[in-house]
Amino acid sequence: MVRMLFVNIAQSLGVVLRTYGAGNIPSSRQDLLDALKEASDRGILMVNVTQCWRGGVKAVYSTGMVLNEYGVTPGYDITTEAALIKLAYILSKTENKDYSCKRAMLLNSLRGEVTVEGEDSRAANLSLYNINCLNQDRNLMIYFAKLFSTASLDDSEGVGSMWVQRIIPTLACCAAASNNLSCLKEMYHIIGHLQLFDTEGCTPLHKSALYGHISATKYLLECGVSVHIADKSGYTPLLCALNSLILSSELVQLLLDVGAVLNSESQLVTKLVHQAVSDGDIQRLRLYQLCGYSFYNTDEEGRSALHVAVTHRQLNSIKFLISPIYNEENPYDKKISVEETELEYGAGVDPKCRTTWGTSALDEAKLRHFDDIVQLLEKASNSGKTTMTGKLTEYLQSIGYNVTCLQMDDYYWVRNLSVTLP
């Protein structure tokens, strides 16, 4: 029987196996497994489907894992008829002769015919990282790069050219996200530039900054990729670096050195800063301070960063916000390392600043009965060392003025000033 099975498989380009349950076969029959392995080595596509009305074949049980190792693709919940049609379609794609790519297509849901689950769902998607799993990934990128360099939307093959122009930016973003300098250099050599945009409006620089790759970021900057472009969500490369899971002060400083600017007035930036405040992420807040962000900016509810910190009872965030800045003349001339854990220097926010509704952070702390925060804010308010009012008072006194009354609003406009000339 095994011999007849082998003969039938040897004469086919693709095989659909119908098994019971979740893909049960006699895994102890080594001769059967050897026949399947030999067929897989010869490039024959094989997919395993279930005969049951419910459930599907998965590569998680022992027999399913054995079949997967011997080159049989799990069919999950695909029907036998759909598997035959899908197999015929893939085999008809004569322009694609790569076996690994065909097997990836067999595993992938092309038209919603199969529900892929578990770890295979990531491998099934022909996404950025799946390209790196192919044996000919570099050749594939170079091939598309060459097509991109000669493609135009008004030629006789306009549809094909349009698809090429959509694929190559995605591949460039893939190379940047994985810090693949060799592919980036090859693509730059062929195309002549890397100012490319994927479907989300991201450039390769967005991806390298988001994943914290300094070497790829440096190379992209050398190739002339702009640091001022925002994607469809409003993220610039600098904002991507500030919100990266791999936080790097060196990467942020690199982008600042080439002219990157943080739009402090953006509600998106304020929202992200307030998220860092509510999380107590002091390292990220220091980087926002390094980029020139004003912590007095208010969100859509009229709250500044200090009010958000009080609401979430984040003592570390409060201490950082009300602690004095490093240099009173230029608060950003010292690039504080994100590795610093001491809160001796901070953002210099006035603890008396108010929301657009007129309430101060101290008022909100008292309302919520946060006694520890109330004590901290009262101490800071009485000291006057961290407030702009206190600094201006000290300056006027240092040059001989006797200041008896000084009041300033949230935007540091002097509202009431009484002094005696020296």
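The values are calculated or read from the model by the stated rules, or taken from the named source; none is laboratory data. As the structure is a prediction and not an experimental result, all values here were calculated from the model. FYI the Cβ positions are ideal-geometry reconstructions off the backbone, even for glycines, and counts take in every protein chain you see.
So here's what we get for this one:
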{"item": "Restricting region 360-371 to residues that are in a loop (DSSP other than H, G, I, E, B) and either in contact (Cβ under 8 Å) with a residue 12 or more places away in the chain or acidic (D, E) (or both), the residue that is farthest from I318 (Cα to Cα)", "result": "R368"}
{"item": "Members of region 287-315 that are more than 21 Å from L367 (Cβ to Cβ) and in contact with a Leu (Cβ under 7 Å, 6 or more places away or on another chain)", "result": "L287, Y288, C291, G292, Y293, F295"}
{"item": "Positions within region 144-186 being among the hydroxyl-bearing types (S, T, Y) and modelled with pLDDT of 90 or more, in sequence order", "result": "S178"}
{"item": "Tally, over region 79-109, of residues that are of a type in the set (V, I, T) and free of Cβ contacts under 8 Å to residues at least 60 places away in the same chain", "result": "3"}
{"item": "Test: L247 is surrounded by 16 or more Cβ atoms within 10 Å (Cβ to Cβ), assigned to a loop (DSSP other than H, G, I, E, B) and under 16 Å from the mean Cα position of the chain (by Cα)", "result": "yes"}
{"item": "Tally, over region 11-24, of residues that are under 46 Å from the mean Cα position of the chain (by Cα) and at pLDDT below 70", "result": "4"}
{"item": "Qualifying position, being assigned to a loop (DSSP other than H, G, I, E, B), β-branched (V, I, T) and either at pLDDT below 85 or not assigned by the TED database to the domain that holds L239 (or both), among V349, V374", "result": "V349"}
{"item": "Complete set of residues in region 228-241 that are surrounded by fewer than 21 Cβ atoms within 10 Å (Cβ to Cβ), among the hydrophobic types (A, V, I, L, M, F, W, C) and either within 23 Å of N180 (Cβ to Cβ) or more than 18 Å from the chain's Cα centre (by Cα) (or both)", "result": "I229"}
{"item": "Region 232-252: number of residues that are modelled with pLDDT under 95 and more than 14 Å from Q283 (Cα to Cα)", "result": "3"}
{"item": "Out of H206, H189, H228, sole residue that is closer than 30 Å to E250 by Cα, outside any loop (DSSP other than H, G, I, E, B) and either small (G, A, S) or at pLDDT 90 or above (or both)", "result": "H206"}
{"item": "Number of the exception - N316 against (1) of a type in the set (S, T, N, Q); (2) part of a helix (DSSP H, G or I); (3) under 19 Å from N243 (Cα atoms)", "result": "(3)"}
